[in-house]
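Heads up, the thing below is written out as structure tokens.
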Amino acid sequence: MKIGIDSFATAMYGNNVITSVDAMEQLLNRIVKADESGLHFFGIGEHHKEGFLDSAPDVILAAAAARTKQIRLGSAVKVLSADDPVRVYQNFATLDLISKGRAELIVGRGSSIEAFPLFGFDLKDYDELFVEKLNLFLQIREQEFVTWEGKFRPALHNQPVYPRSLQKKIPVWLGVGGTPESFIRAGRLGLPLMIAVIGGQTERFRPLVDLYREAGAKAGFSPNELKVGLHSPGYVADTDVQAVSEYYPGYAEQWTKIGKDRGWPPVTREYFDTLSSPKGAIVVGGPERVAEKIIKHSQALGGIDLFNFQMDIAGLSHKQLLRAIELIGTKVIPLIKQSL
């Protein structure tokens, strides 16, 4: 199992807002720390609103690629529905060259919808846009010269797309929430699956993961090709008590703000304790507790190949995040490796 981190490049630390320049420099330093600590993946999300610096994730990842050596770098997620698949491929093929073959993509429709009106797309086309653009992107990944015709962009007639990636095929994960159609689509295409679990109990996704694996098997893909990843909020500190005391206040504040936009009730301590219980989605604690919970999540889903922490939407300081990264690399990953 691989362990990584997803970041939304937020400039918010509780009630303290630092400059965008400082926030970006600290983010890049955390990616370097993750590389040095032995983490396997660092992903940058995509948002187009105040407080977030990840509207151009490929640019951030390119800067990180120049400073790192081993860690794989990817989107988390790339809102493919609101972008041009040709440009997305070119940008990530360029990242792949800069990183010497370490680029990946997690693509999805996006749970935040601000990109659609910003780039002139209609939300009524939410699913149709994604299906068409995903199919075009996968064709570009396979073919240097592309002939294609669709509804939402001009046709391509034996058009070459450059540069080509260093990897024969840049890995593409399909980011999903909770719709059966998305899991089945990933299986039929033979794409690795990245599940965003931000609430409830992780085990509730097992029937959907089974649908994914069944669809993939019917489409002729081997179990080794049908990888499953898990993205969950989490944090690691030296002890369980320290982790909860540092994480909860910022988590409650930030997720209550997010909830106002999405119609969720305010976060309470009782709700948090439920989510951070052994079966809950949040992975917070000392190294031993965190490693144990990740393993249990993997068992609940029939095995996972990648677990990504989402740590920077809880008002944590740069110093706290650096320590968490160090603990993941030096404590959590060895514990998981030993157990498995």
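The values are calculated or read from the model by the stated rules, or taken from the named source; none is laboratory data. Bear in mind the structure is a predicted one, so any value in this text is a computation, not a measurement. Note that we place each Cβ from the backbone using ideal geometry, even for glycine, and neighbour counts take in every protein chain shown. Note: accessible area is taken over every heavy atom of the protein model, side chains too, but ligands, DNA and RNA are not part of it. Shrake-Rupley method; radii C 1.70, N 1.55, O 1.52, S 1.80 Å.
Points worth noting:
- Scanning the range 300-317 for residues that are open to solvent by 40 Å² or more (accessible area, probe 1.4 Å) and at pLDDT below 95 yields a single hit, Ser317.
- Selection status of Tyr251, aromatic (Phe, Trp, Tyr) and closer than 18 Å to Val283 by Cβ: yes
- Condition broken by Ser245, with the remaining ones in (1) outside any helix (DSSP H, G or I); (2) open to solvent by 70 Å² or more (accessible area, probe 1.4 Å); (3) of a type in the set (S, T, N, Q) satisfied: (1)
- Unique match (being modelled with pLDDT of 95 or more, under 30 Å from Leu321 (Cα atoms), of a type in the set (Gly, Ala, Ser) and outside any helix (DSSP H, G or I)) among Gly220, Gly234: Gly234
- Remark: Gly250 falls outside the filter, which requires a residue to be in contact with an Asp or Glu (Cβ under 7 Å, 6 or more places away or on another chain), surrounded by 21 or more Cβ atoms within 10 Å (Cβ to Cβ) and not hydroxyl-bearing (Ser, Thr, Tyr).
- Filter result for Asn91 (closer than 21 Å to Phe8 by Cα and of a type in the set (S, T, N, Q)): yes
- Pairs with Cβ under 8 Å, 6+ apart, first in the range 303-324 and on the phi > 0 side of the Ramachandran plot and assigned to a strand (DSSP E or B), second of a type in the set (Ser, Thr, Tyr) and modelled with pLDDT of 95 or more: none
- When the criteria are applied in full, Glu114 meets the requirement of being open to solvent by 10 Å² or more (accessible area, probe 1.4 Å) and in contact with a His (Cβ under 7 Å, 6 or more places away or on another chain).
- Residue within the range 259-272 that is more than 24 Å from Phe52 (Cα to Cα), of a type in the set (Asp, Glu), free of Cβ contacts under 8 Å to residues at least 24 places away in the same chain and out of contact with any helix residue (DSSP H, G or I) (no Cβ under 9 Å at 6 or more places or on another chain) present: yes
- Of the criteria (1) touching a Lys or Arg at 6+ places or on another chain (Cβ under 9 Å); (2) in contact (Cβ under 8 Å) with a residue 60 or more places away in the chain, which one Ala252 fails: (2)
- Flag if Asp210 is farther than 24 Å from Leu129 by Cα and touching a strand residue (DSSP E or B) at 6+ places or on another chain (Cβ under 6 Å): no
- Qualifying residue in the range 59-69 (condition: among the aliphatic types (A, V, I, L, M), touching a Ser or Thr at 6+ places or on another chain (Cβ under 6 Å) and at pLDDT 95 or above): yes
- Odd one out for Gly110, checked against (1) touching a residue at least 40 places away in the same chain (Cβ under 8 Å); (2) outside any helix (DSSP H, G or I); (3) at negative phi; (4) in contact with a helix residue (DSSP H, G or I) (Cβ under 8 Å, 6 or more places away or on another chain): (3)
Okay, residues lined up against (1) part of a strand (DSSP E or B); (2) in contact with an Asp or Glu (Cβ under 7 Å, 6 or more places away or on another chain):
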{"position": "Tyr162", "(1), (2)": "no, no"}
{"position": "Gln167", "(1), (2)": "no, yes"}
{"position": "Leu174", "(1), (2)": "yes, no"}
{"position": "Ser182", "(1), (2)": "no, no"}
{"position": "Ala186", "(1), (2)": "no, no"}
{"position": "Met194", "(1), (2)": "yes, no"}
{"position": "Gly199", "(1), (2)": "no, no"}
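- Count - residues of the range 254-284 that are part of a helix (DSSP H, G or I) and open to solvent by 90 Å² or more (accessible area, probe 1.4 Å): 7
- In the set (1) part of a strand (DSSP E or B); (2) touching a residue at least 40 places away in the same chain (Cβ under 8 Å); (3) over 26 Å from Ile304 (Cα atoms), His157 fails one condition alone, (2).
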